[in-house]
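Reviewing the structure listed below.
The values are calculated or read from the model by the stated rules, or taken from the named source; none is laboratory data. Quick caveat, the model's predicted, so the values are computed rather than measured. Counting neighbours? That spans all protein chains shown, and the Cβs are built from the backbone with ideal geometry, glycine included. Side chains included, ligands, DNA and RNA excluded: accessible areas come from the protein's heavy atoms. Shrake-Rupley method; radii C 1.70, N 1.55, O 1.52, S 1.80 Å.
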Amino acid sequence: MLLGKLAQPVCSLRKLPLPGGCRLFWGWLNAVFNKVDYERIQAVGPDRAASEWLLRCGALVRYQGYQKWQQDYNGLPTGPLGKYKIEAINATDSCIMYRGFDYLDGLEHVTEIKLQKCIYIQDECLQRLSETKNLQKSLLQLKIISCGNVTDKGIIALHKLTNLEYLYLSDLPGIREKETTVHILQQALPNLELELDLE
């Protein structure tokens, strides 16, 4: 967060003829934020390490037994190892990307995920999400909204989330074969409630 506050003025002050200069810097910084620290996962446990990753990238987390969303990285709760279990993730406007998804592997209690306006979320991310064994068991609700890099392929990959009860899809211009995609999902997940707001 501190890096973000320092880097933004630096980028805005530089009067470069190349408009992509700032974008390249943020892309690099976001990749750094998504780098998986396996030693950290071992040291503090999967839920704490994933919380740090998600908040560092601008996402929110909610813990089992709590109503409040955790959004302040510096205010992450402390306590005995494994006390706080992530139950819900709201990744709206966050910079989470594929390279950070290893953080999800150890999460056993996540029932809800919201991916909204996530510029780095693409088909490979959804495929990775659906292949995460713990999420196949625990995830009940998934919302994917305004993620421009998601196509039919990524949505179809979600069929491996066998316990998914609710899927909301909105403003996904990459979905071109809506009827076919919906049919495949409904065949694979007959109990899924699918809500669409697609053109």
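Points to keep in mind about this one:
- FRET efficiency for the E39 to Q136 pair, using the beta carbon distance and R₀ = 22 Å, is estimated at 0.25.
- The relative contact order of the chain, computed from alpha carbon pairs under 8 Å that lie at least 6 residues apart in sequence, is 14 percent.
- Kirkwood Rh in Å, taken over all unlike Cα pairs in the range 79-181: 13.8 Å
- Inter-label distance, nm, simple model (7 Å from Cα along the C-beta direction), N149/R176: 1.9 nm
- Charge tally in the Cβ shell below 15 Å around E177, where Lys, Arg are +1 and Asp, Glu are -1, E177 excluded: -1
- With eigenvalues of the C-alpha gyration tensor scaled by 5 and rooted, the chain, Å: 28, 24, 13
- Ranked from largest to smallest solvent-accessible area, with a 1.4 Å probe on the protein heavy atoms, I156, I86 come out as I156, I86.
- Candidate cross-link partners of K114 among the lysines, defined by an alpha-carbon separation under 27 Å and a same-chain spacing of 8 or more, comprise K5, K35, K68, K83, K85, K133, K137, K143, K153, K160, K178.
- Here the range 110-196 has 44 percent of its accessible surface on carbon and sulfur atoms, given a 1.4 Å probe and all protein chains in place.
- Integer Hz, Karplus 6.51/-1.76/1.60 couplings in order for the range 193-199, x for Gly and Pro: 8, 10, 10, 10, 9, 10, 6
- Heavy-atom accessible area per residue - the range 81-199, 1.4 Å, Å²: 48 Å²
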